[in-house]
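The values are calculated or read from the model by the stated rules, or taken from the named source; none is laboratory data. The structure displayed is predicted, hence computed values, not measured ones. Cβ: placed from backbone, ideal geometry, glycine included. Neighbour counts: every protein chain shown.
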Amino acid sequence: MREVAIIGVKNTLFGEQWDRSFRDLVVEAGVGAVEDAGVAGERIDSMFVGNMSGGQFVEQEHIGALIADYSGLAKNLHVPSTRVEAACASGGLALRQAFYSVASGMDDIVIAAGVEKMTDVPSSKASSALAAAADREWEGIMGATFPGLYAMIARMHMHKYGTTSEQLAQVAVKNHYNGQFNPIAQYRNTITVDAVLSSIMVADPLRIFDCSPITDGASAVILAPADVAHEYTDTPIYIKASGQASDTIALHDRRDITTLDASVVAGRRAYEMAGLGPKDIDLVEVHDCFTIAEICAIEDLGFVKKGEGGKATQQGETAIGGRIPVNTSGGLKACGHPVGATGIKQAVEIVQQLRGEAGKRQVDGAEVGMTHNVGGSGATAVVHIFSRNR
Ligand SMILES: CC(=O)SCCNC(=O)CCNC(=O)[C@H](O)C(C)(C)COP(=O)(O)OP(=O)(O)OC[C@H]1O[C@@H](n2cnc3c(N)ncnc32)[C@H](O)[C@@H]1OP(=O)(O)O
């Protein structure tokens, strides 16, 4: 396998966007990343696009071809473009496919992008579209939505480990604090623990401020073989590892719903591939679709002991300046969660941090970063490790 680097990145604004279509969003991200890399369109060998549910949100399927067309890569260049779907992990998986295509020697310059436009349908329709990421026969048909499924995880975590609503709230408070410094974030307002605890109940014990919102947005990164990366940029960021794992799609089939085994295994595979461990990671973007999800993620990836995620968050260990900064971008909570784009947005954040370009949310001296992207209630997990050093 060849070593692989990221040479260009771009996020669109995240949030409700009346004035941009689905295709406008992904083209803006793709063209922005190509410009950031300074690479000519003719050099692009292939494209992988994460998208969960274009059919349900904007009635558009056949998304790979659409995006190649509107990016100007289809008509004369005929660049192959592949849609990748793994629910909310679609973006992370698109990055993994792009990584493989460069690492294998098949392609040199590859775009990995992600896009979702979720606000064009009513919330109830968005909710049922998202519920398609769960087990339709055993969960969806019984009325389970993702706030409901993660609420069960939260309840069990509280029961087993004494995690409190205040500790859950602190995840949202931290991520909104970080999000105020991210110009693309949907929510750039700070909030307090009291505001979270008095916000409207969605699925007990999760309140509206415990949830990631419904969001439009797109993100893109450009990959190249490490050997030629310096021809395009002075600050290539190397992808040291990619780990993926699957688990049962239904929550009730798991041995312990407070641990997402797919996260544990994807993390372990990535650590082994990079030859690194949790202590070597300077910052991590984890999949905080709900506040409890961040607590499970930092435990499952080995940053804190099982059951101590809530306490570590309350003690400031996961804040910028803390022992292991988590979700410096603002996470899914404050940036928003356009599901197909999220996994790529996480990579953009880590690249900006490792380049030293993260402004007021910069982690001083960051050299190694991680992304963790989850589909469903943990049926798919994708973990990547990035380094500024080859
Ligand atoms: C593996 C996975 O990733 S699973 C996760 C997949 N994603 C999800 O399940 C999405 C979860 N979130 C949701 O379903 C929705 O955001 C909900 C149910 C929490 C809220 O939706 P609605 O009740 O329709 O809220 P609505 O859009 O009417 O917004 C009401 C207000 O709250 C604000 N708001 C809505 N959601 C959020 C949020 N998550 N955080 C902060 N503020 C929010 C809105 O901006 C709005 O404010 P305004 O009145 O000042 O304009």
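Quick grid of which residues meet (1) of a type in the set (S, T, Y); (2) touching a Phe, Trp or Tyr at 6+ places or on another chain (Cβ under 9 Å); (3) buried (at least 24 other Cβ atoms within 10 Å of the Cβ):
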residue: V304; (1), (2), (3): no, no, no
residue: V348; (1), (2), (3): no, no, yes
residue: R361; (1), (2), (3): no, yes, no
residue: D364; (1), (2), (3): no, no, no
residue: G369; (1), (2), (3): no, yes, yes
residue: I385; (1), (2), (3): no, yes, yes
Of the conditions (1) over 23 Å from Q244 (Cα atoms); (2) surrounded by 24 or more Cβ atoms within 10 Å (Cβ to Cβ); (3) among the aliphatic types (A, V, I, L, M), I344 fails just one. Which one is it?
-> (1)
Identify, please: which residue in the range 233-286 is farther than 28 Å from H157 by Cα and of a type in the set (V, I, T) and is, among those, surrounded by the most Cβ atoms within 10 Å (Cβ to Cβ)?
-> I239
Verdict on T318 being crowded, with 24+ Cβ neighbours inside 10 Å, closer than 14 Å to N182 by Cβ and β-branched (V, I, T) | no
Do we find that L130 is farther than 30 Å from K360 by Cα and at pLDDT 95 or above in this structure?
-> yes
Please work out if A134 is within 11 Å of the ligand (Cβ to nearest atom), touching a strand residue (DSSP E or B) at 6+ places or on another chain (Cβ under 6 Å) and in contact (Cβ under 8 Å) with a residue 60 or more places away in the chain.
-> no
Would a scan of the range 91-105 turn up a residue that is assigned to a loop (DSSP other than H, G, I, E, B) and surrounded by 20 or more Cβ atoms within 10 Å (Cβ to Cβ)?
-> no
Given (1) surrounded by fewer than 16 Cβ atoms within 10 Å (Cβ to Cβ); (2) within 14 Å of the ligand (Cβ to nearest atom); (3) outside any helix (DSSP H, G or I); (4) not assigned by TED's automatic domain parsing to the domain that holds H287, index of the condition S128 fails | (3)
Here the residues within the range 311-346 that are in contact with a Phe, Trp or Tyr (Cβ under 7 Å, 6 or more places away or on another chain) and in contact (Cβ under 8 Å) with a residue 60 or more places away in the chain are A334, C335, G336, P338
Helices (runs of 4 or more DSSP H) lying entirely in the range 275-366 (those with 2 or more residues that are more than 22 Å from R96 (Cβ to Cβ)) = 291-300, 309-314, 331-335
Determine, yes or no, whether G336 is crowded, with 24+ Cβ neighbours inside 10 Å, within 16 Å of the ligand (Cβ to nearest atom), at pLDDT 95 or above and at positive phi.
-> yes
Single residue of R188, R268 found to be of a type in the set (D, E, K, R), farther than 29 Å from V110 by Cβ, out of contact with any Lys or Arg (no Cβ under 9 Å at 6 or more places or on another chain) and modelled with pLDDT of 95 or more = R188
